[in-house]
């Protein structure tokens, strides 16, 4: 599944999305009423198509990286506790090769916030990646519902 197909899958499979684009990258935000203020517009999934934010995935060859924000317990079940040590470029030392294709891994920069990533998901990771998109969406919807309940 290429980046356009992944974007189409996410936008047609999930309701209440605000989709933002910047520098060729796509950010999926759960905003069912379309009224979230900018400070609350945190994406639950992103499609990064270039090395605009980090270069460790080497996306300059037309590859893309799917990034997903998961609940802490799900992240821990996949990779153990979130890492704590970053290198001089702000990249977490997780032992993963962030340029590897079709491998589910901690996010190079946001693993500490329980984000995961996969570059060019295909046969080995596509089913898992799509299931994790659903989990990230459900998590974003729960956070939104909790925030609305607190507001009264």
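Values for this structure:
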item	result
Check on residue 65, in contact with a helix residue (DSSP H, G or I) (Cβ under 7 Å, 6 or more places away or on another chain) and modelled with pLDDT of 95 or more	yes
Unmet requirement for residue 9, which otherwise passes all of (1) in contact (Cβ under 8 Å) with a residue 24 or more places away in the chain; (2) surrounded by 14 or more Cβ atoms within 10 Å (Cβ to Cβ); (3) under 17 Å from residue 137 (Cα atoms); (4) within 15 Å of the chain's Cα centre (by Cα)	(2)
Residue count, the range 14-27 (criterion: within 15 Å of residue 138 (Cα to Cα) and in contact (Cβ under 8 Å) with a residue 24 or more places away in the chain)	2
The lone exception for residue 20 - which of (1) part of a loop (DSSP other than H, G, I, E, B); (2) over 17 Å from residue 129 (Cβ atoms) it fails	(1)
Subset of the range 42-77 [under 20 Å from residue 103 (Cβ atoms) and in contact (Cβ under 8 Å) with a residue 60 or more places away in the chain]	45, 57, 59, 64, 66, 68, 69, 70, 74
Residue match in the range 94-110 (condition: assigned to a helix (DSSP H, G or I), crowded, with 19+ Cβ neighbours inside 10 Å and either at pLDDT 95 or above or within 11 Å of the chain's Cα centre (by Cα) (or both))	no
Options 49, 26; residue that is within 21 Å of residue 124 (Cβ to Cβ), within 14 Å of the chain's Cα centre (by Cα) and either surrounded by 17 or more Cβ atoms within 10 Å (Cβ to Cβ) or at pLDDT 95 or above (or both)	49
Residue match in the range 126-137 (condition: farther than 22 Å from residue 1 by Cβ and either surrounded by 12 or more Cβ atoms within 10 Å (Cβ to Cβ) or in contact (Cβ under 8 Å) with a residue 60 or more places away in the chain (or both))	no
Given (1) assigned to a helix (DSSP H, G or I); (2) without any contact (Cβ under 8 Å) to a residue 40 or more places away in the chain; (3) over 20 Å from residue 145 (Cα atoms), index of the condition residue 39 fails	(3)
Only listed residue being modelled with pLDDT of 95 or more, surrounded by 12 or more Cβ atoms within 10 Å (Cβ to Cβ) and outside any strand (DSSP E or B), chosen from 83, 32	32
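The values are calculated or read from the model by the stated rules, or taken from the named source; none is laboratory data. Computed from a predicted model, the values in this text were never measured in an experiment. Heads up, the Cβs are rebuilt from the backbone with ideal geometry, glycines too, and the neighbour counts pull from every protein chain shown.
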